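The values are calculated or read from the model by the stated rules, or taken from the named source; none is laboratory data. Keep in mind the model is a prediction, meaning the values are calculated, not measured. Glycine gets a Cβ as well: all are built from the backbone with ideal geometry, and neighbour counts include every protein chain shown.
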C-alpha cells in the first residue's frame with residue numbers, strides 16, 4: 001500500500017514539474033557585462049553571403065575549420081525528378 005502511494009505521489013510530482021515552464025515565445029535576456037545592442041543592430045540584413053572571392057568548383061571538396069564538409073549550393077537548373085531512380089535501403 002505504501003509503495004502505491006509513493007508511486008502515485010512521485011508521478012504527480014513529475015507531472016507537475018513537467019508542466020512548469022515559460023509559456024509563449026522565449027526572449028533572450030539582456031547581456032550582463034556589456035550594453036544591449038541598438039535597434040539598428042537587431043534588424044536582419046538582406047544581403048547575400050560572400051565567399052572567399054573565388055568560384056566554387058564541383059570537383060573540389062571544401063571543409064570548414066572543424067574538418068566538416070561544406071555543402072555546395074543548389075544547382076541553377078531545375079532537378080528532373082522523373083529521371084531519378086528508386087533507391088533501395090542498404
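Hey, among 22, 17, 26, which residue is exposed (fewer than 10 other Cβ atoms within 10 Å of the Cβ), modelled with pLDDT under 75 and assigned to a helix (DSSP H, G or I)?
On the way: 22 fails: assigned to a helix (DSSP H, G or I); 26 fails: assigned to a helix (DSSP H, G or I).
Going through 22, 17, 26 in turn, the sole match is 17.
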Does segment 30-41 contain any residue that is at pLDDT below 80, over 28 Å from the mean Cα position of the chain (by Cα) and outside any loop (DSSP other than H, G, I, E, B)?
no
